[in-house]
Each structure stands twice: as structure tokens, then as C-alpha cells.
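Let me begin by presenting the structure, written as C-alpha cells, before commenting on it.
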Amino acid sequence: MAQDLADATLDELREALAPIVAANAAFDGWNGAALDAAADSLGIDRDVAHLAFPGGAVTMIDAWFASIDRALAERFTPEALAAMKIRQRITTLVEARLDIASPNREALRRALAILAMPQNAARGARLGWRSADVMWRLAGDSATDYNHYTKRAMLGGIYAATVAVFLQDDSDSHADTRAFLARRIENIMQFEKAKAQFLGRTTHRPSLSRLIGRLRYPAI
């Protein structure tokens, strides 16, 4: 491994180090000690490793979340996800994401505590949005209108709430987390169904503003 990284760029070093930093962060916290331990395990010079994470803890967390995104994308083929209904795709992707993070659950707890600090809140929000975006893209979503944003906002909320349950869940195979996720997604699906029905009823309904406009400015 050390030989493979001998000529690696800082980006490549960051990718290689991130999951190992997370494994050490469960014990050492998201700090230089965790990074040094990860660098030692890969035979990377400590000073060079620190250059790969100029932003400290938040940069390490960002890189770890990105590594989870990559692992999630590698876990499923587009064909496998396309064969599922949309509800199953989202459920499967959220559960898989938590499964990937599961070995480092304490590191995730510490990471979220750091991102919740006022000075890191904006960065935390961006990382949450990125996670939701990755899952929707893997699910095959290509919306570019307002649905692009509402879908990611809703999934981001679902994911954040599910992670909060996951961090406290000691049930077998995280059954409580899975049940919570299923209920939240069911609530969203019911909301989307009701919204579609409402829009269907109003699509061909006369527009009052358009009617008034025609009265004021009749076509010539």
C-alpha cells in the first residue's frame, strides 16, 4: 500500500486516508492523533498527510463522507437499482449508507457533533445536501426543476432524522432504525400522492389572475 501511494497526489492521499482516519477517530477524536495513526498505517509521512487535510477535523469528516458516497456507488449497479420501485431504491440506499458507516458509528457521532458547532453549520448543511444528492442521482433522478431541490431537501431531512435514531439504536441489525426509516418514507410517499392528486385537480382550473389580466388587457 505504501508503495502504491509513493507518487500519489494529495487528493489520492486524502481518499486513501479518510476511512482509516474515521476508524481512529472513534478512539482519538477527529484530530491530528487520528490522522497520524492513519498515516502510519499506510506508511505515509505524517507531515504530508497533514497537508492533505488543511482544514483539520472538518476536512477529514468531509473526506470520510465522500468515501462513503464512493462506496455506496460501488455497491449497486444502475441496473439493480432500476429494477426497484422508487421507494425501495431510496430505502435501500439510505440503509446501505448507514451500513457502510456502521463500523465507525462512534466516529459518526463525533463528526456530527463537530458539524453542529455554529462555525461549522453551513459546511454541515452542504455535506447533508451532497449526501442526499448522491442518493437521488444513484436512484436515477434527473429532475432539474423545483423538484430537484424539494426531493433533496426531503431526503436530507429523512436521512438526518434516521441517523439520529441510528446513533442510539442497539436493536438487532438496527431493526428500530429500519422501522423508523420505513415510516418516514411512507409519510413522504403519502404526501407526494396527495400533492399529485391536488395538482391534477387544479391543472385545468381557470386562473383568476389570468382572467383578470384578459379583462384589463383584451387581445387585439
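The values are calculated or read from the model by the stated rules, or taken from the named source; none is laboratory data. Predicted model only: the values in this text are computed from it and were never measured. Ideal geometry is used to build each Cβ from the backbone, glycine not excepted, and the neighbour counts take in all protein chains shown.
Of note:
- Ser173 vs. criteria under 23 Å from the mean Cα position of the chain (by Cα) and either modelled with pLDDT of 60 or more or not assigned by TED's automatic domain parsing to the domain that holds Asp99 (or both): yes
- Candidates are the residues of segment 156-189 that are among the aliphatic types (A, V, I, L, M) and without any contact (Cβ under 8 Å) to a residue 60 or more places away in the chain; the one that is surrounded by the fewest Cβ atoms within 10 Å (Cβ to Cβ) is Ala175.
- Pick from segment 136-155, criterion among the hydrophobic types (A, V, I, L, M, F, W, C) and surrounded by 14 or more Cβ atoms within 10 Å (Cβ to Cβ), ranking: farthest from Gln190 (Cα to Cα): Leu138
- Being β-branched (Val, Ile, Thr) and surrounded by fewer than 16 Cβ atoms within 10 Å (Cβ to Cβ) is a description that does not apply to Thr59.
- Listed by position, the helices (runs of 4 or more DSSP H) inside segment 75-135 whose residues that are modelled with pLDDT of 95 or more and either surrounded by 12 or more Cβ atoms within 10 Å (Cβ to Cβ) or in contact with a strand residue (DSSP E or B) (Cβ under 9 Å, 6 or more places away or on another chain) (or both) number at least 2 are 86-101, 105-115.
- In this entry, Ile68 is excluded by the filter for residues that are assigned to a loop (DSSP other than H, G, I, E, B), crowded, with 18+ Cβ neighbours inside 10 Å and touching a helix residue (DSSP H, G or I) at 6+ places or on another chain (Cβ under 9 Å).
- Listed by first and then second residue, the pairs linking a residue in segment 28-45 that is assigned by TED's automatic domain parsing to the domain that holds Ala16 to a residue that is among the polar types (S, T, N, Q), with Cβ atoms under 7 Å apart and 6 or more places separating them unless they lie on different chains, are Ala34/Asn24; Ala37/Asn24; Ala38/Asn24.
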